[in-house]
Every structure is written in structure tokens, then in C-alpha cells.
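Where a number appears in this text, it was derived from the coordinates with a stated rule and is not lab data. Source: prediction; values computed, not measured. Virtual Cβ from ideal backbone geometry, glycine too; neighbours counted across all protein chains shown.
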């Protein structure tokens, strides 16, 4: 343990010696203090707070990530290159401890900078919010300075009904038996689901959303809805009537709205609208002439206050620290066997591949890598090369998503809850699993590298 | 000792360096000129740009497009996810990376004002986005492209269509907010040009500063617009649509697109004619922030027939290619004017313009004045246009009051009955979902509103007629038309008296 802490201390001293501390302090100061003065926003208090949190935290994350990569690659590769590592390796400290000591040192530096800069962002955001009117402060408190949980409607299981329908159809039309039964079942299942998703003109649809009632007594909630029409890129508005709350309740809320499709719409609903079983009843009357489509996955969602902003913010920062720890592992792993510039190049390339998850998803969605049918946006027939690309993309994506499937900044800026479970999952997936894999490789490579052969001859 | 080691060598080299820079600069000018003459580049020097933007656009060179594409992709992605809070910043970056690409300005402004605004069910939120769209064009787009016709046209369209028309459910809020912003800069809706052009007091200076710096408008040009096409009620968006279109016609260089600006002018003038007078009730409904449905009403501005006619005539002369199109619009405007003037009891003027139409467009009206108006009533009976119908109903009711004052009770009753029937028919034709957006005041509300004007000692009927009207309506001696109107529409006089904001006065 003493050896490990000695390496950590050496790494901290090296960081100061490289002047990375000074440079980083200056850059973070600019991003935290100057950036809010330059950004443009929609003019609302919520919009300003959201963009302030998003841009400052994103900049802090980017700067720390970049500096981490630089420091991780530089500290190990330079020490190997300049033969300083030989002096360390002859001490009675195993190489894995040296490697881990470097890693912990880098994490410590980053944890310090992240703590200071995120505290500054928090302070500035709260300070600016404190200067707003009490009405706007209340809006921020309800929508952004809060950790909001999410509840989805409970939909009945339609599998049995779909199976029954499948059998009935088969009896009515025996020629269906000649088709692929799995495909027919899938089609019928989609039709059954569509019955739950579409609200026809003049009709009413009801959703029942179970809410964990311990959180929401006397607290306002928010309904977040997203719907589509049959027209793509539809910018029209549609008249609907929302009715929320128990059917017989005098407190039942009614609100007429003209709403626009294809993007989520969020609006506040008064507190204490749950029925005796803790369900929020939502009814929508489609007053337009067009059928409206609310997806089962993200068509309807209730957001409710689950906790305070401060701890949510801290949890968000922990997730960011997990990312930075992972970047440090990548840099150290690369510099364990490569020279500084090559290690930096390899690490950055890996991160770029990681950021290109959208392209990989597109390959899977379109069914290949070569030209697609512009009418359908899909490949008509996938070749063997396409199949290889799809399989590889799926494999890459599943690995990348272990790290990327977390959005702490987006959650914080939209008042969503970063739950302790999410933090634990981030730690396991990002640090333990992915970080562990890279660390194992890096330590192995560090053991294999011939320190004396890597001397700088100049 | 060679040359480079001599002590004076560095000064010689510095001189050579400076000369090289001067020559390079000179050559660059020639090269740019030749590139422009040979059509090899579309890039124009960026004018009026802040240093950071000027540096960025030069330093990034061809990579500007690449970065701009990335920002577009991000903007689209965020928009799909319903995360709009970055859109203003992204639009700012995208437009500034390609500051001379007019379509980018137009597209981004349209996106903010039209596409994003309607995503918000709360009308006050929508207004924020409409303002951002206007600001993008007015404050930045025109700053870097002061001669681009399409930006002027788009800006005018925002006022004419997004704010002026009633296609957006929040249009009444837009108009109310715009009126509230402009009200302190005007005197009863009209600019005091004497003070704006020669400000005396600090208050005058601050008004001029706001008009110039916030709204990027020139009081002198406003005056020219009023003289040429007005007088206008400047709290209404139509006046601003005309202002920007007029300015565009004066300064823009793209001749082929100027017809769009001319259209913006005469279409806005038609709107101003039909509802360019404003009656304001500057009180929000208690407990319902943002609900301004009863905060103000419109009336027709019948005084601009002459200037509107002149504008059409000028445009016909200037746009030979579109002579027929403009002629058709002109003819339709005149026909509508005759009808409106007649129904507002301005028979002499109606007759004058009737004669003018018969002379200018002989085939346009072949019947007598009265026959034409009655036929038009039948045609309008089926109209579902809120503004037109309200203007018409007010005209009928005004005539009915005057008839009543003159002792022609039967005719007055007939007029009022016709107005009530027409209003009822309008409501029968629109759907329930449209009622909030394009509702009409009740007949009693319109009558009360008219009495405010007709019984006004200075601007209403003459004393004799006014007294006769009071007697025939059996109004009590202490009857206060403003108070009665306010009570009828549920407005508290303690909070603010509804005042008719004088637009151009009826002669």
C-alpha cells in the first residue's frame, strides 16, 4: 500500500511539474465563468439554466477528459522513454502497483478539478437563479432544480390476445398456414399494439400510470407526451382535450391544448391527482380530424419529484468521474507499450470510434453499409458483406453502450433523476468492466515492455 | 562574416518582410477582384462582423461548412428529442459560420419562429421563440447582409403572417405582446415624429435609442412609410411588415426578388385596412396569465384607402412583368374598400371609389353601387374570415345606430337583426375547436364598443345626433359608455380604463 501511495504522490507531483494543473485551472475558469456570459438562449429562465448547465458541464467534461488523456499518455510514456521508469522498476514495487498508482493519481487530480469546477457551476447557477423573480424560481425548482423520477403507463399484456387472434385468423383463412408463422404472429402483434397506440378523431383514450405515491404528496407533476401523425415532418397543431385525475373527482383537471407532433411536449399538472390505488388517470379526447399515434415506448410519461437537486448533481458528477477514470485507463493502457504520440493517437482514435455509435446504429437500422433504397431508407437486400458489417456493428455497439448509455448532463439539465442505481451501474459497467479490461491489458503490456529498450537516444 | 551575421542584417530582413506583406496584400486584392470578375468565388468580405467572428470565418476557411454541418445535425437531433434550449445558440453559430448564405438565415429563423414555437402548448413560451426568430433576421441577418432582399422579405413575412394572421392559435398573444412593447414608444399608437426626429428630453432620447438599437428601425424611414402608405397604427404588426418591406425595396440589390417585397407591402396594407385600428384594454385577466382575449380589439382603418391605392398604382408601374397580377390584387382591394366604406356609412367615399373602379377596371363592377354592396353582403354572409366579418358587422351596427339617432327605427332594427344573423351564421359554420382562436365579440359587446366611439364628445357623432341616440336608446343621464363597455366585458375600471387608441381618425 505504501508503494501504491508513493506512486500516486509521484503522479500528482508530475502533473504539477508538467504545468497541466495551471493550464487546466485557467481553462476551467474560463469555461465556468466566461462561457455563461457568451451563450445565447431562448429568453426563458428554464432555457437559460438548462443551457448554462449543459454547456458548462460539457466543457468541463471535455477539458478534463482531454487533459486526462494527455496526462495518462504523457506520464507513463515519457517516464518509460526518458528512463525514469527504470529507477522505479528496480524498487520493490510490482509493476501492477506502479500502473494502478498512476491511475489513482490521475483520478485524484481529476476528482479535485471536477469537484472544484462543478461546485463553481452549481454555485453560479444557483446564484443566477436567486436573482430571478419568485415565480421563475418556483418554475426552476419544479422543473430543473429537482430530481424527477419517471413513470410509464401500465399497458395490458396483449400476447394472449394476439395468440387468440392468430388462431382465429388461421381458422378463418387456412392459407395463412403456408406463411411463416412467426412473421404472421409479429404482424398480428403489431396490429394489436396499434390498437393501444392510436387515438382516432373524436375518440377518447385512457392511460393509467402507476406513480410511487410516497414521493408526490402535494407536489406538482409533469406529463411528457410525444405523438405522431401519418404525415412525416408534420408542423401542424392538433386540438386535444386532456383530462387528468380520478374520473369522479372534483379536482379532475381539464385542459384544452393545440399540440404539435414528433417532439416531446411537457406540461405541469396539479398535485394530488392520483386515485386511491396511486394511479394517475390520463384521458385524451382527440378533437382533430387526424388519428394521433402515441407509441407504447415513449408516447406517455409522468415525471414526479423524487429528490433534491444537490445530491442529484453530486451523483451526476460521479458518473462523469467514472468516464474520466475510463479515459485515464485507455491512455495508460496505450502508453504502456507505445510512445507518447502514438499512444495519444491510438487513444483518441478509440474515443472517436466510441463517439461514432450513431453511424454503427445507422448500419444496423439500414441493414447494411452499401447504398440504401431512398424510398424506404433501408437496403432492399443485404449482401454477405452487409451481414458482416451488421454483426460487427452490433458487437461494437453493445460494448460502446456499456460506457455511453449514461447521460448525466442531459439528466441534470432537464431535472431528471440520476438514481443511485444508475451511478452503481455506471461504476460497474464503465470502471469495473470496461476499465478493468483495458487495465488488465495495460498492466500485461507494462509487464512485457522492455524498459531499457525504450530509451530516448537523443 | 556573411550577410546574415552582420548586425544590420535583421533590420534589412524585417524591412523585406514588411515589403513582402505589403506586396502580398496588394496581390491578394487583385486576386480577389479577378476571382470576383471571373465568378470563381461567391465569398464576399464579411462586413460589420465582430472581431471574433471575422477571425473565425477566415481562420476556419473551408472547414466552416464542415463544422456548420455538424451543428445542423446536432440541432436536428436535439429538435427531434424536444430539447430546444440550445437552438438559439446553435442557430447563432450556424448562421455566423455561413453569414452570407441567405437561405441559412431564412431557414433558421423560420425554424425558431414556426417549427419550434408551435411545439409549446403554452402561448407565452411560443412568443419567446417568435421573438428569437425575428431577432435572428433583424439583429444579425441584416447586419451582415444589409442588401439581401430575401431577408427583408422574410422579416416582413414574420410580422405579416406569423404575428398578423390568425393561423397560429397564439396570434392574439403575439399581437398583444408586440403592442405592449411598442406602446411606450408611441403616442396612442402613432409615432410623434417631431420628437423622434429631434429629441429634446431624456425620455425622447431613450425612445429613439430603443427604436434604433432594440428594434433596428429608423424614425425617419417610419415617417416615410407613414407618408407614403399610412398613417398606420405602429403597435400592430402590419405596420412593421410594411416598414421592413419598404426598407428592403430601398436598399436591396436583387431586382428579381423585389416583387416579393411589393407583395408584402400591399398584402399588409390590405390587412391594415381591414383591422388597422386598435382598441386596447391593457388589463390581463386575473388568474389567467397570458390570456389577452379581451385585452384589445381591432377596427378597420378606412383612412388608408387613398395611400393603399397609390401604392398599388406605383407598383403596377414599377413591375411591368407582374402588371396583371398586381392589377388583380388592386381591383380586389378597391372592391373591398367600396363595400367597407359603404357599410361604415361613408357613402360619399364609397361612391368616389366606386366611380374610380368603374373608370379604371370597367369590367370589374357592372351594377350600381348599392346593388354591388348588397351582392357583396350575400357573398360575405358565407365568409368565415374573422377580421372581415367583424369589420362588416361593426359597419352594420354603426349604421343602425345612426339610423336610430335619425329616427329611422325600422331600418336600424333591420341592420342590427342582419348583424346578429350574420354573427350567428358565422358561429354555425366554424367548429367548436376554432371558437377560441377565431371567436367574435357578442353583438352587445360590439354595440357597446361602438357607443364608446359614437358618444365621444370630440370624435363621435355631433352633439345633436349623440343626444338623440342617447334618448332613443333610453340611456340614463349618467350613462358612461366606457364604463358600460368595461362592465360588459368584465374589465375592472379601477385597474385601468379601456381607451380607444386612436389610429388614424375617420374624417
Just to be sure I understand the model, the point goes 7 Å from the Cα along the line to the Cβ. What's the resulting residue B:220 to residue A:380 distance in nm?
6.6
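Sort A:280-293, A:122-135 for me by packing, meaning the mean count of neighbouring Cβ atoms within 10 Å per residue, highest on top.
Descending packing order for the listed peptides: A:280-293, A:122-135.
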Looks like the protein assembly as shown, by Cα gyration tensor root eigenvalues a ≥ b ≥ c and the a/c under 1.5 rounded cutoff (else prolate when a/b is bigger than b/c, oblate otherwise), is prolate
Residues in region A:74-107 reached by a label modelled at residue A:448 [backbone nitrogen below 16 Å; 7 Å Cα→Cβ]
A:96
Determine the distance separating the Cα centre of region A:311-328 from the Cα centre of region A:33-107; give it in Å without decimals.
12
How far is it, in nm, from the label point at residue A:219 to the one at residue A:394 when both lie 7 Å from their Cα along the line to the Cβ?
4.0
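Per residue of A:254-264, how many C-beta atoms from partner chains lie within 10 Å of its own C-beta, taken as a mean? Don't jump to the answer; show the numbers that get you there.
Numbers: counts 0, 1, 4, 3, 9, 4, 7, 2, 5, 12, 5.
Going residue by residue through A:254-264 and averaging, the value is 5.
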Förster radius 56 Å - calculated FRET efficiency between residue B:406 and residue B:257 (Cβ-Cβ, nearest 0.05)
0.60
Cut-off is 10 Å between beta-carbons; in what order do A:227, B:4, A:446 appear when sorted fewest neighbours first?
B:4, A:446, A:227
How would chain A be classified by its alpha-carbon gyration tensor: rounded, prolate or oblate, with rounded meaning a/c under 1.5 and the a/b versus b/c comparison settling the rest?
oblate
Taking a ≥ b ≥ c as the square roots of the eigenvalues of the Cα gyration tensor, with a/c under 1.5 meaning rounded and otherwise prolate when a/b exceeds b/c and oblate if not, region A:67-210 is oblate
Average beta-carbon neighbours from other chains, 10 Å sphere, peptide A:226-237
2
Cα-projected label distance for residue A:160 with residue A:356, points at 7 Å along beta-carbon direction, nm
5.0
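Which order do B:105, B:72 fall in if you start with the one that has the fewest other Cβ atoms within 10 Å?
Working: B:105 27, B:72 15.
Exposure proxy ranking, most exposed first: B:72, B:105.
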Cα centroid separation - region A:240-257 against region B:206-241, whole Å
46
So between residue A:276 and residue A:200, what do we pick up on full extension, going 0.36 nm a residue minus the alpha carbon distance?
24.4 nm
Let me confirm one metric for peptide B:110-120, namely the mean number of other chain beta-carbon atoms within 10 Å of its residues' beta-carbons.
4
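Take the Cβ-Cβ distance between residue B:14 and residue A:19 as r, set R0 to 41 Å, and report the resulting FRET efficiency rounded to the nearest 0.05.
0.80
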Ordered by fewest other Cβ atoms within 10 Å, a rough proxy for footprinting exposure, B:254, B:212, A:148, B:10 read B:10, B:212, B:254, A:148
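Report the FRET efficiency, 1/(1 + (r/R0)^6), for residue B:363 and residue B:314, where r is their Cβ-Cβ distance and R0 is 22 Å, rounded to 0.05.
Working from the Cβ atoms, E equals 0.45.
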Report the equivalent ellipsoid semi-axes for region B:129-243 in whole Å, largest first, defined as the square roots of five times the eigenvalues of the gyration tensor built from alpha carbon atoms.
22, 17, 14
Would you mind calculating the gained length between residue B:206 and residue B:187 on full extension (0.36 nm times residue separation, minus the Cα-Cα distance), in nm to one decimal?
5.4 nm
